[in-house]
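Presented below is the structure to which this report refers.
The values are calculated or read from the model by the stated rules, or taken from the named source; none is laboratory data. Just so it is clear, the model here is predicted, and its values are computed rather than measured. Note: ideal-geometry Cβ built from the backbone for every residue, glycine included; neighbour counts use all protein chains shown.
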Amino acid sequence: MPENYLCGKMDHIKKQPTAAGTLPNDTVEMCLADPNLLDRVSTWSLDFRQLEPGPMTTRIRLRQGRVLNLLEIAMDRAVHQTGLAPPGTVSFGIPLSEGINHWHNRHPDPDGLLSFGTTDGFEGVSNASFQGLTLSVDQSAIEALCASLGVPFPTSLAAGGVVADTAGHASLPSITRKVLAYLDGGSPSCRNTEEEILAAMLNTCASHRSITDRSTAHARARALRVALEFMEQSAEENPPLSLICETAAVSERTLNRAFNERFGVGPKAYLLRLRLGRVHQDLLRHDPAELVSCIANRWGFWHMGQFAKDYQAHFGKLPSDTLRQTTTHRPV
């Protein structure tokens, strides 16, 4: 491949808009004589060291979207991969083959979800069958998405490692298929599609349990006390779990463990029961001039159908039954 052709292609990618304007629907494909030539495309700091003798071919496909940047890469020789993601970005990796022998001293499953870390860099060893996907996004954009979804930013993404595997989360293969379809370039770059992909990955990180919670019993007790105080003070506002974790200064995983150890339920379920209990108490003190919906709204319940289901599941009767019971026992 002529050198000027390669540079021309890479310059085209560097100059693509990401937030506004028209983006090309096609994915750029290249064949590189050395994977370290990727530094001409991106601001990654890379050091790929070929371990097997013989000429190596690196095939890549790239698509730069409005929020999400996608890279598919395949190398036909064993490589020691080290590097550092661009500052201010979060990057995921999805193996497409059994080509990763080690990733931060672990052997990940095919179609697993990997993290490249945000500050400490990444390190892995791939074999001659390696093929994988890399998805990169600005950390500010993914933090904003976490806030809109009401989930905390996964602390597991800050350090390189195995975030989730297919055995731990059945949705990973479907995420991979969606990413590959988007990379194929059959549709225009779409912020909604990219955010759907990222949201699915965030949910995978938030729900996966394979990463050990290293919190101490003392730290969990402190977090539990702070979280309970905050819930009691702000129950009427139905605070999101991300805010509760932020207030308690712990990850969602640690807070879930603390609540399950003490109460047998997670913090979201505990908060729901707390709010339902407050409604129940207000119904028992019911002012005949006040509507049930007003009492429910006071404690952050706005969907009356779901509220009635939750109330009945918890107390074994509908809110209206509680009202009739209150009226029956009201002093004359």
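Return the pair list, or none, for Cβ contacts closer than 6 Å from residues in the stretch 212-227 that are modelled with pLDDT under 90 to residues that are hydroxyl-bearing (Ser, Thr, Tyr) and surrounded by 14 or more Cβ atoms within 10 Å (Cβ to Cβ), at least 6 apart or on different chains.
Cβ pairs passing all conditions: 213/254; 215/254.
Name every residue in the stretch 269-300 that is over 31 Å from the mean Cα position of the chain (by Cα) and within 27 Å of residue 257 (Cβ to Cβ), in order of residue number.
Passing the criteria: 277, 278.
Would it be correct to say that residue 75 is in contact with a Pro (Cβ under 9 Å, 6 or more places away or on another chain), more than 14 Å from residue 116 (Cα to Cα) and touching a residue at least 24 places away in the same chain (Cβ under 8 Å)?
yes
Against the condition of a type in the set (Asp, Glu), more than 26 Å from residue 223 (Cα to Cα), touching a helix residue (DSSP H, G or I) at 6+ places or on another chain (Cβ under 9 Å) and in contact (Cβ under 8 Å) with a residue 12 or more places away in the chain, how does residue 321 come out, does it pass?
no
Please go through (1) at pLDDT 90 or above; (2) over 14 Å from the mean Cα position of the chain (by Cα); (3) farther than 27 Å from residue 51 by Cβ for residue 66 and return the number of the only condition it doesn't satisfy.
(1)
This table checks each residue for (1) under 27 Å from residue 192 (Cβ atoms); (2) among the small types (Gly, Ala, Ser).
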{"position": "52", "(1), (2)": "no, no"}
{"position": "67", "(1), (2)": "yes, no"}
{"position": "73", "(1), (2)": "yes, no"}
{"position": "76", "(1), (2)": "no, no"}
{"position": "97", "(1), (2)": "no, yes"}
{"position": "100", "(1), (2)": "no, no"}
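Does the stretch 256-279 contain any residue that is among the β-branched types (Val, Ile, Thr), loosely packed, with under 15 Cβ neighbours inside 10 Å and in a loop (DSSP other than H, G, I, E, B)? Let's see the steps before the verdict.
Filtering the stretch 256-279 for residues among the β-branched types (Val, Ile, Thr) gives 265, 279.
Narrowing further to those that are loosely packed, with under 15 Cβ neighbours inside 10 Å: 265.
Then drop every residue that is not in a loop (DSSP other than H, G, I, E, B), which leaves 265.
Yes, that holds for at least one residue.
Output the residues belonging to the stretch 255-311 that are under 27 Å from residue 216 (Cβ atoms) and among the small types (Gly, Ala, Ser).
258, 264, 266, 269
Taking the residues in the stretch 157-199 that are of a type in the set (D, E, K, R) and at pLDDT 65 or above as candidates, determine which candidate is nearest to residue 63 (Cα to Cα).
184
Any idea which residue in the stretch 109-143 is modelled with the highest pLDDT, counting only those that are in a loop (DSSP other than H, G, I, E, B) and either acidic (Asp, Glu) or closer than 15 Å to residue 205 by Cα (or both)?
116
Within the stretch 228-246, identify whether any single residue is touching a helix residue (DSSP H, G or I) at 6+ places or on another chain (Cβ under 9 Å), surrounded by fewer than 16 Cβ atoms within 10 Å (Cβ to Cβ), modelled with pLDDT under 85 and of a type in the set (Asp, Glu), and answer yes or no.
No: the stretch 228-246 contains no residue that is touching a helix residue (DSSP H, G or I) at 6+ places or on another chain (Cβ under 9 Å), surrounded by fewer than 16 Cβ atoms within 10 Å (Cβ to Cβ), modelled with pLDDT under 85 and of a type in the set (Asp, Glu).
For the list (1) surrounded by 14 or more Cβ atoms within 10 Å (Cβ to Cβ); (2) not in a loop (DSSP other than H, G, I, E, B), I need the number of the one condition that residue 286 fails.
Among (1) surrounded by 14 or more Cβ atoms within 10 Å (Cβ to Cβ); (2) not in a loop (DSSP other than H, G, I, E, B), the lone unmet condition for residue 286 is (2).
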